[in-house]
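Notes to accompany the following structure.
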Amino acid sequence: MNDTFYRATQALKKLPDMYGLSSNRPAPKKLTEAQIDRIGELYQQGYTKADISREMGLAQSTIYNAVRRFIRSEAL
């Protein structure tokens, strides 16, 4: 095997660990129904998604998805 090729393949194997993508990472926690309801209540009270994110210590994308789920559940 070519030495350069070998070094490149070894470097590629290290990439997941370098970027925190190793397979031994715990699965992300799911929001509870109570959390989704709370997010929906705050959103209906006029809080922005960014405000809710800071208040609850969650990522804005998580809040965005929870608001969508809350709105869908209210429509049913």
Only unsatisfied item for Asp17, checking (1) out of contact with any helix residue (DSSP H, G or I) (no Cβ under 9 Å at 6 or more places or on another chain); (2) surrounded by 10 or more Cβ atoms within 10 Å (Cβ to Cβ); (3) at pLDDT 75 or above, is (3)
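On the basis of being within 18 Å of the chain's Cα centre (by Cα), loosely packed, with under 11 Cβ neighbours inside 10 Å and modelled with pLDDT of 90 or more, does Ala50 make the cut? Before the answer, list the steps.
Working: within 18 Å of the chain's Cα centre (by Cα): yes; loosely packed, with under 11 Cβ neighbours inside 10 Å: yes; modelled with pLDDT of 90 or more: yes.
Judged against the criteria, Ala50 is a match.
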Filter segment 59-76 down to residues that are of a type in the set (A, V, I, L, M) and closer than 15 Å to Glu33 by Cβ and give me whichever is surrounded by the fewest Cβ atoms within 10 Å (Cβ to Cβ).
-> Leu76
Return the pairs, sorted by first residue and then second, in which the second residue is surrounded by 11 or more Cβ atoms within 10 Å (Cβ to Cβ), the first residue lies in segment 30-42 and is over 11 Å from Asn65 (Cβ atoms), the beta carbons are less than 6 Å apart, and the residues are 6+ apart or on different chains.
-> Gly40/Phe70; Leu42/Ile52
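The values are calculated or read from the model by the stated rules, or taken from the named source; none is laboratory data. What you are looking at is a predicted structure, and each value in this text was computed from that prediction instead of being measured. Here the Cβ is made from the backbone with ideal geometry for all residues, glycine too, and neighbour counts use every protein chain on show.
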